[in-house]
Amino acid sequence: MITRREYLKLSLAAGVTLAINPKLLRADDTPQALITRAIPRTGEQLPVVGLGSSASFSRLAGEGDTAALREVLETLVRRGGRVFDTAPSYGASEEVAGRIAQEAGIAETLFWATKVNVAPRGGGAADPAEARAQIEQSFARLGTPTLDLVQVHNLGDVPTQLGILKELREAGRVRHIGVTTTFPQQYADLERIMREEPIDTIGVDYAIDNRTMEERIFPLAQERGIGVLVYAPFGRTRLWEKVDGKELPDWAGEYGIASWGQFFLKFVLSHPAVTVATPATSRARHVIDNLGAAVGPLPDEAARARMIAHIENL
């Protein structure tokens, strides 16, 4: 496997777009130049690997383990990352992350991606006043006058809640808006919204063993100029269970892959429709490893096919 220094050399040789945050590096950190991609409507460049706050991050936030989560967020920023994906429904994640970021002085560095959804479970109308209150709560928790991205979570009453977000974008309080879903039964509705609404982003599930998005959603996102945030790039726990106890293939090093996490992330990032992948974690060492997937060459079509075949044959 190649070293992190060799990752940097390969990425520079490949001529990819890079982002570096030298002011945020500590003496014991290795500078990290990350591949970036743009949100099409605004052209804002974002490092292609971010941080999600569901699962274990949410659990530690609920338990009040702010020391571990502070290390996670500070590591993300020191290593050149910016995108932090959260939601009011992720327990204490949004509140705790906002407090940590303000105390650590990194709130303005992070790209805050949060969500809104007050619609009843199983469908139904959202109370506009309640939706506005939830968004205002996110402003207060994250300590910023402008939210970088707010998406309607799980397509909850999109006419009402996306309507509010369009107003906030027009007023300049929210910079980007979108919708999310990880439910296959909602994919058709997602396509319709992508065609009919002036959204900036979508948030969807995508992994090497879950490639449904490649069929219709990703091509439509490219056609419509919509950015894509990828959730569950590790298939939640599916992929970890599949590779448990197994070694990486020898040829993985050809693509700058030093771990299974990077294997899965590099596959996801190699699709040109993907803007950012946001794997959730509560461990700083996993943040460092994940960010390693945003350095060096990304697999081409032949490599993607090779990766798929390898996973399918395990």
Taking the reciprocal of mean 1/r across every pair of different Cα atoms in region 56-136, the Kirkwood radius in Å is 13.7 Å
Contour minus Cα-Cα distance for R121 and E312 (0.36 nm per residue):
65.2 nm
Starting from the coordinates of the alpha-carbon atoms of the chain, obtain the Kirkwood hydrodynamic radius over all distinct pairs and give the value in Å to one decimal.
19.7 Å
Quick one: 3J(HN,Hα) in Hz for region 166-174, Karplus 6.51/-1.76/1.60 with θ = phi - 60°, rounded, Gly and Pro as x.
4, 4, 5, 5, 4, 7, x, 7, 10
Report the net charge of residues surrounding I100, where surrounding means a beta-carbon distance below 12 angstrom and charges are Lys +1, Arg +1, Asp -1, Glu -1.
-3
Would you mind counting up the charge near W260? Only other residues with Cβ under 10 Å from its Cβ, with Lys and Arg at +1 and Asp and Glu at -1.
-1
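What is the Cα convex hull volume of region 201-297 when expressed per residue in Å³? Write down the numbers at each step before the final one.
Values: hull volume 9.8 nm³, N = 97.
Expressed per residue, the convex hull around the Cα atoms of region 201-297 is 102 Å³.
Would you mind ranking S270, S138 so that the residue whose beta carbon has the fewest other beta carbons within 10 Å leads the list?
Values: S270 18, S138 22.
Exposure proxy ranking, most exposed first: S270, S138.
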Under the helix-only model (-39500 (n - 2.57) for each DSSP H run of 4 or more, divided by the residues of the chain), the mean residue ellipticity at 222 nm, to 500 deg cm²/dmol, is -12000 deg cm²/dmol
HN-Hα J couplings of region 104-116 from phi, Karplus 6.51/-1.76/1.60, θ = phi - 60°, integer Hz, Gly and Pro as x?
8, x, 10, 4, 7, 7, 5, 9, 7, 10, 10, 9, 9
Size of electric dipole in region 4-312: Cβ of Lys, Arg +1 and of Asp, Glu -1, about Cα centre, debye, nearest 20:
460 debye
Please compute the net charge surrounding V243, taking Lys and Arg as +1 and Asp and Glu as -1 over other residues with Cβ under 13 Å from its Cβ.
-2
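Where does each of E103, E197, E170 land when they are ranked from fewest to most other beta-carbon atoms within 10 angstrom? Don't skip to the answer; put the middle values down first.
On the way: E103 12, E197 19, E170 9.
Ascending Cβ contact count within 10 Å gives the list E170, E103, E197.
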Here the FRET efficiency for T160 versus R224, based on Cβ atoms and R0 = 22 Å and rounded to 0.05, is 0.50
Using Cα centres only, tell me the gap between region 98-125 and region 153-172 in whole Å.
15 Å
Scan around V274 for amide H atoms under 5 Å from its own, H built in the peptide plane at 1.01 Å from N, and keep only partners 5 or more places away or cross-chain.
none
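No value in this document is a laboratory result; all are computed from the given coordinates. Given the structure is predicted, the values throughout are model-derived calculations rather than measurements. All Cβ positions, glycine included, derive from the backbone under ideal geometry; neighbour counts span all protein chains shown.
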